[in-house]
1. When the residues of the stretch 61-84 are filtered to those that are of a type in the set (Lys, Arg) and either surrounded by fewer than 21 Cβ atoms within 10 Å (Cβ to Cβ) or in contact with a Cys (Cβ under 9 Å, 6 or more places away or on another chain) (or both), which remaining residue is modelled with the lowest pLDDT?
2. Under 7 Å between Cβ atoms, which residue pairs at least 6 apart in sequence (or on different chains) link something in the stretch 36-47 that is farther than 19 Å from Leu69 by Cβ and in contact (Cβ under 8 Å) with a residue 24 or more places away in the chain with a partner that is of a type in the set (Ser, Thr, Tyr) and surrounded by fewer than 20 Cβ atoms within 10 Å (Cβ to Cβ)?
3. Name the single residue, out of those in the stretch 22-34 being without any contact (Cβ under 8 Å) to a residue 12 or more places away in the chain and of a type outside the set (A, V, I, L, M, F, W, C), that is surrounded by the fewest Cβ atoms within 10 Å (Cβ to Cβ).
4. Check Ala100, Ala104 and return the single one that is under 26 Å from Val11 (Cα atoms), touching a Ser or Thr at 6+ places or on another chain (Cβ under 6 Å), of a type in the set (Gly, Ala, Ser) and surrounded by 16 or more Cβ atoms within 10 Å (Cβ to Cβ).
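The values are calculated or read from the model by the stated rules, or taken from the named source; none is laboratory data. It should be emphasised that the depicted structure is a prediction, and the values quoted were computed from it without experimental measurement. Don't worry about glycine lacking a Cβ; one is built from the backbone with ideal geometry, like all the others, and counts go over all protein chains shown.
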Amino acid sequence: MNPDELPIFDVEFALNQFSGNQALLIRIVEKFIQQNEAFSEQLASNLQKESSIETKRQIHTLKGVAANLGFKRLVATCHKIEPQASSSTQIEDFRNLLDAIEIALFESRNYCNSATSSAHH
C-alpha cells in the first residue's frame with residue numbers, strides 16, 4: 001500500500017493504546033515531538049559518517065515508536081525506506097522519510113494544541 005493513502009495520525013488507535021487517557025497521550029506525543037525535531041539533522045550526520053548501522057537503528061527506532069503512537073503513514077514510509085539504510089549515504093534518498101516525519105510532527109503539534117485548547121474550554 002502506498003504510504004500516502006494511510007492516515008497520518010490515527011488518534012483513535014493512539015487513545016486505545018493509552019486506555020483512553022488523553023492527557024497521557026498528549027504528554028507522550030509531546031515527547032515524540034521533542035525527540036524527533038532534530039531527526040533530519042541526526043540522519044544527515046549518520047549518513048555523513050557513513051554509519052549504516054546507526055542510520056538503520058535510527059529509522060527502526062522511529063518506526064517502532066511511530067507504530068505504538070498510531071503514525072500509520074510514517075511507519076509505512078520507514079518500512080519502505082529502511083532497506084536503503086544499508087546501501088545509501090545520500091540524504092536525497094531519504095527525502096520521503098524526512099517529509100513524512102515533518103508531516104507527522106506537524107500533525108502531532110496540531111493534535112496537542114487542539115486537544116489542550118478543547119480541554120480548557
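1. The residue in question is Lys80.
2. Within 7 Å, the pairs are Leu47/Thr89.
3. My answer is Gln34.
4. From the options Ala100, Ala104, the qualifying one is Ala100.
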